[in-house]
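Visitor: To start, I am sharing the structure in question, which I have written as structure tokens.
Bear in mind these aren't lab numbers, they're just calculated from the coordinates by the rules spelled out. All of these numbers come straight from a predicted model, not from anything done at the bench. Here the Cβ positions follow ideal geometry from the backbone for every residue, glycine too, while neighbour counts run over all protein chains shown.
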Amino acid sequence: MNRSCPHILDLHPGLPIGLVDSGLGGLTVLRQLRRCIPDESLVYLADSARSPYGERSPGEIRAIAAETAQWLRGRRVKAMVMACNTMNALAADVIRTEAGVPVVSLIDAVVANLPLNSGDRVVVLATAATVASGAYGRAIRHGHPGVQVQEIACPDLVPAIEAGEWNSARLEQVIINYLNPIFQIPYPVQAVVLGCTHYPLISPLLQQLLPWPVPLLDPARSAAMALHQLLQTTGLATCKPKDTVKGTVEFYCTGQTARFATSASHWIGQPVQVEQATLQPALLGH
Ligand code: DGL
């Protein structure tokens with residue numbers, strides 16, 4: 001065995017990293033991981049059959065979080081990224097308990113990297129469940145005292161993106177309505193956090209419809225850096241010699257695999273193969 005790659009408990013550097021989301025959103029996290037740690041192999045679980053999570057109750061989201069974390073654990077991953085802010089906001093404790101491996105949180109990662117000072121203003125766009133949980137507001141105010149946070153729920157965006165509606169006149173109008181409260185906030189606003197992993201998929205449209213120029217922050221960038229650091233400090237970073245074979249990605253989907261494959265191929269710019277994953281049918285549908 002290579003001595004620079006120590007085994008930690010039963011984890012070792014050759015294992016993949018697990019990601020879970022309700023569908024396409026986690027691809028924005030996957031994209032950042034491919035940029036930051038291209039040698040690592042990934043297992044991606046798209047729980048499309050139960051999308052959108054953001055319209056579910058906290059109890060359902062916590063039950064789904066437990067089940068998906070156990071499923072990924074069953075795939076023998078060495079670390080997990082909660083590639084879904086809604087799970088992160090409502091069930092971070094559940095995922096950490098069930099994962100049995102180190103877990104990276106989008107919310108913790110982006111809050112640690114926010115370039116904010118006391119008195120600054122920040123807007124968070126997220127799902128209804130994430131906004132109702134208040135998790136982003138709490139974390140930002142805790143990490144950056146004196147910062148004003150406005151959280152805005154955008155419940156129709158995830159269903160539209162999942163349905164392939166990425167740039168329609170209807171979607172524009174939906175976004176304009178969601179952004180309405182922003183016009184009441186005194187300018188400048190220092191940042192808009194995309195607090196749902198689906199939203200970076202439509203960031204050009206969001207940028208265009210915001211009333212002022214402002215950085216749109218994608219928490220996945222911070223999460224990728226946090227994961228990179230975690231793998232280094234735990235000795236779990238893959239030991240592949242540089243510039244040889246890149247990491248692989250395995251895709252699983254609880255919903256229609258062919259449909260997810262088509263959309264995922266579009267977003268990541270290459271054909272993907274998707275296998276069916278079977279999870280608890282009790283929580284399927286609404
Ligand atoms: N993409 C997820 C998030 O970051 C879940 C969205 C949903 O299913 O409502 O919140």
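Visitor: Search the structure for amide H atoms under 5 Å from the amide H of GLY18, placed 1.01 Å from N in the peptide plane, and list their residues when 5 or more places away or on another chain.
Guide: Those qualifying (amide H under 5 Å, at least 5 residues apart or on another chain) are VAL43, LYS78, ALA79, MET80, VAL81.
Visitor: Which helices pass in the chain if a helix is a full DSSP H run, must span at least 20 angstrom along its long axis by Cα, and must have mean Kyte-Doolittle hydropathy not below -1.0?
Guide: 58-74, 219-234
Visitor: Report, largest value first, the span of the C-alpha coordinates of the stretch 1-133 along each principal axis, in whole Å.
Guide: If we take the Cα atoms of the stretch 1-133, the spans are 51, 37, 24 Å.
Visitor: Now for a different question. In µm²/s, what is D for the stretch 31-108 at 37 °C and 0.692 mPa s, where D = kT/(6 pi eta Rh) by Stokes-Einstein and Rh is the Kirkwood radius from Cα pairs?
Guide: In µm²/s, the coefficient is 254.
Visitor: Also, I was wondering about something else. Would you work out which of LEU125, LEU209, ALA91 lies farthest towards the positive end of the dipole of the chain, given +1 charges on the beta-carbon of Lys and Arg and -1 on that of Asp and Glu, about the Cα centre?
Guide: Going by the charge dipole, the pick is ALA91.
Visitor: Taking the Cα atoms of the stretch 79-153, what is the range of coordinates along each of the three principal axes, in descending order and whole Å?
Guide: 39, 23, 15 Å, listed from the longest principal axis down.
Visitor: Just the Kirkwood number for the chain, please: inverse of mean 1/r across all distinct Cα pairs, in Å, one decimal.
Guide: Kirkwood radius, the chain: 19.2 Å.
Visitor: For a footprinting-style exposure proxy, rank ARG138, ARG35, ARG96 by other Cβ within 10 Å, fewest first.
Guide: Going from least to most buried by this count: ARG35, ARG138, ARG96.
Visitor: So which residue, out of VAL245, VAL81, VAL193, gets the largest mean-square fluctuation from a GNM of the chain using Cα contacts under 10 Å as springs?
Guide: Answer for the Gaussian network model of the chain: VAL245.
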